[in-house]
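Read-outs throughout are calculated quantities, based only on the coordinates presented, and are distinct from any laboratory measurement. This one's a predicted model, so the numbers in the text were calculated from it and none came from an experiment. Virtual Cβ from ideal backbone geometry, glycine too; neighbours counted across all protein chains shown.
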Amino acid sequence: MKTAQVQQDKIVIKETEDIKLSWRKGAIVKVLGCGLCGSDIVKFREKIVHDGAVLGHEIVAIIEEIDSETKFKKGDRIVTSHHIPCGECSYCKHGNVSMCEHFKSTNIFPGGFSEKVYVSEEHLKNVAYLVPETIIDEEISFYEPLGCCVRAIKRCGLLKEDKVLIIGLGSIGLLMGEGIKALGYKVYGCDLLEERILLANNMGIESYNSLNLEEFNKIIQAKSGGIDAVFMTSGADKAIDVALKVVKKGGKIMVFSSTPKNNGYPNNEIYYKELTVLGSYSPSPKDLQDSFELLTSRKVNVKNLTTVYPLEKIQQAFDDTVSNKIFKAYIKIN
């Protein structure tokens, strides 16, 4: 079978031995396609993974071989996430499921950018869903990233009348905006790229250019009456300045991205304005269930966010994503 592997700062296609279910419970699935996640980009660019690693986890697939106590069967089209929390440890009990050691140790194998993947019985029981015929592969591939957004929104503890600002209108920022809208909150957005701002406005996310910070702050304060919560979906260090400028006293800043210099939030800003700065990383099974329902009910719109690439052009997909030529890459595999 073909896999896309990290090799000497490139993503290359390799022929590897076919995987079989053998004695294992679970399923071997034929991967139809896999979304390219920002975390895949970070792992590749920062050389966090070793040569031979197969990235990718936002898979849509057809079950090819199965031995399971679930209702799934051969031929089913499924979507699944890649991590499962134990539900019993201190992290899980405190709602920090993505810090759970079991969560970190579970994964699909060898990775989503592969013609075939092993999905464990635990995955099938907890985070896999049968995909209805009414939704196409590229759209349901947002299942896991939207789950991440749903968890962040829940963790923020918004009130119904709260006004929210998203800083960074790439694919995850737009997805976050869709999730916030679907859950009933007023959302604004900002970015430096006009094409992103235009798309966000077309999606119903009232958005502006934040290059001139003082001018942007005047506009957003006049429009919103004050921002109760800021969602940081930009990986730019300067986004922190924007967040601190616009957030209300007593407001919240939800950190949903890493930044190159790993700069922090000023202690005195947090102290004197009584700000809450919190992070959110990966979803729980319940967040994923909510994500699946939002996508299949069409309450969240992900049309026109993806650009499809064949597996053989996966390096181009990485390059185009990094250079902001596209919003979101979907790698079509089978």
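Beyond a 21 Å Cα-Cα separation, which of these cross-linked pairs lie in this structure: Lys74/Lys313; Lys43/Lys104; Lys154/Lys332; Lys14/Lys303; Lys154/Lys273?
Beyond 21 Å: Lys74/Lys313; Lys154/Lys332; Lys14/Lys303; Lys154/Lys273.
What list do you get for Val49, Val29, Val246 if you sort them by fewest beta carbons within 10 Å?
Lowest to highest Cβ neighbour count: Val49, Val246, Val29.
Go through Val322, Gly251, Gly112 and say which Cα lies farthest out towards the positive end of the charge dipole of the chain; charges sit on Cβ, +1 for Lys and Arg, -1 for Asp and Glu.
Working it through, the farthest residue towards the positive pole turns out to be Gly251.
Please go through the residue pairs Lys125/Lys328; Lys47/Lys238; Lys299/Lys328 and name each one whose alpha carbons sit more than 22 Å apart in this structure.
Correct reply: Lys125/Lys328; Lys47/Lys238.
With N set to the residue count of region 56-138, report its C-alpha Rg divided by 2.2 N^0.38 Å to two decimal places.
Ratio of Cα Rg to 2.2 N^0.38 Å: 1.16.
Placing +1 at every Lys and Arg Cβ and -1 at every Asp and Glu Cβ, with all other atoms neutral, what dipole size does region 18-58 have around its Cα centre, in debye to the nearest 20?
Charge dipole, region 18-58, about its Cα centre: 220 debye, nearest 20.
I need the per residue convex hull volume for region 36-195, using only the alpha carbons, in cubic angstrom as a whole number.
Values: hull volume 25.2 nm³, N = 160.
Each residue corresponds to 157 Å³ of Cα convex hull volume.
Restricting to the chain, what percent of DSSP beta bridges are antiparallel, rounded to 5?
Antiparallel: roughly 55 percent of the beta bridges in the chain.
Placing +1 at every Lys and Arg Cβ and -1 at every Asp and Glu Cβ, with all other atoms neutral, what dipole size does region 62-113 have around its Cα centre, in debye to the nearest 20? Kindly include the intermediate steps, with their values, before the conclusion.
Working: 6 positive and 7 negative charges, 39 e Å.
Taking the Cα centre of region 62-113 as origin, the dipole is about 180 debye.
Against the longest alpha carbon principal axis of the chain, how many degrees, from 0 to 90 and to the nearest 10, is the axis of helix 285-296 turned?
Around 90 degrees separate the two axes.
Quick check: convex hull over the Cα atoms of region 1-43, volume per residue in Å³, rounded to an integer?
Working: hull volume 5.0 nm³, N = 43.
In region 1-43, the Cα hull volume divided by residue count equals 116 Å³.
Rounded to the nearest 0.05, what FRET efficiency do Lys261 and Lys223 have when you use their Cβ-Cβ distance and R0 = 30 Å?
After rounding to 0.05, the efficiency reads 0.45.
Can you put Arg298, Arg196 in order, fewest other beta carbons within 10 Å first? Present the calculation step by step, with values, prior to reporting the outcome.
Working: Arg298 13, Arg196 22.
The order, fewest Cβ neighbours first, is Arg298, Arg196.
Label Thr307 and Glu122 with points 7 Å out from Cα along Cα→Cβ: what is the distance between them in nm?
The two pseudo-label positions are separated by 3.7 nm.
Report, as a whole number in µm² per second, the diffusion coefficient that Stokes-Einstein gives for region 149-279 at 25 °C and 0.890 mPa s using the Kirkwood radius over alpha carbon pairs.
171 µm²/s
For the chain, what relative contact order do you get, as a whole percent, if you take Cα pairs closer than 8 Å and at least 6 residues apart?
Numbers: 697 pairs, mean separation 63.7, N = 334.
Relative contact order for the chain comes out at 19 percent.
Run the paramagnetic zone check for Glu133: 7 angstrom along Cα to Cβ, then residues of region 62-88 with backbone nitrogen under 14 Å.
Hits in region 62-88 for Glu133 at 14 Å: 76-77.
What are the residues whose amide H is under 5 Å from the amide H of Thr276, where those residues sit 5 or more places off or on another chain and H is modelled from the backbone?
Those lying under 5 Å, H to H, from Thr276 are Gly251, Lys252, Ile253.
What is the spread of the Cα atoms of region 251-301 along each of their three principal axes, largest first, in whole Å?
44, 25, 21
Give me the dipole magnitude in Debye, nearest 20, for the chain about the Cα centre, with unit charges on the beta carbon: positive for Lys and Arg, negative for Asp and Glu. Don't skip to the answer; put the middle values down first.
Values: 43 positive and 43 negative charges, 127 e Å.
Around 600 debye, computed over the chain.
Most exposed first by the Cβ proxy, i.e. fewest other Cβ within 10 Å, how do Asp228, Asp67 rank? Show your work: numbers first, answer last.
Working: Asp228 21, Asp67 13.
Final ranking by Cβ density, sparse to dense: Asp67, Asp228.
Quick one: Debye curve from the alpha-carbon atoms of the chain only, equal weights, vacuum; give me log10 I(q)/I(0) at q = 0.07, 0.08, 0.09, 0.13 Å⁻¹ to two decimals.
-0.29, -0.38, -0.48, -0.98
So between Ser105 and Asn334, what do we pick up on full extension, going 0.36 nm a residue minus the alpha carbon distance? If you can, show how the numbers build up before the last one.
Working: separation 229, 0.36 × 229 = 82.44 nm, distance 2.74 nm.
Fully extending the segment from Ser105 to Asn334 adds 79.7 nm.
Direction-averaged shadow area of the convex hull around the Cα atoms of region 33-91, nm²?
6.5 nm²
Can you show me the helix-derived [θ] at 222 nm for the chain, built from DSSP H runs with n ≥ 4 at -39,500 (n - 2.57) apiece and divided by the number of residues, rounded to the nearest 500.
It comes out at -9000 deg cm²/dmol, rounded to the nearest 500.
Taking 0.36 nm per residue of separation and subtracting the Cα-Cα distance, what length does fully extending Gln316 through Val12 add?
Full extension of this stretch gives 108.4 nm more.
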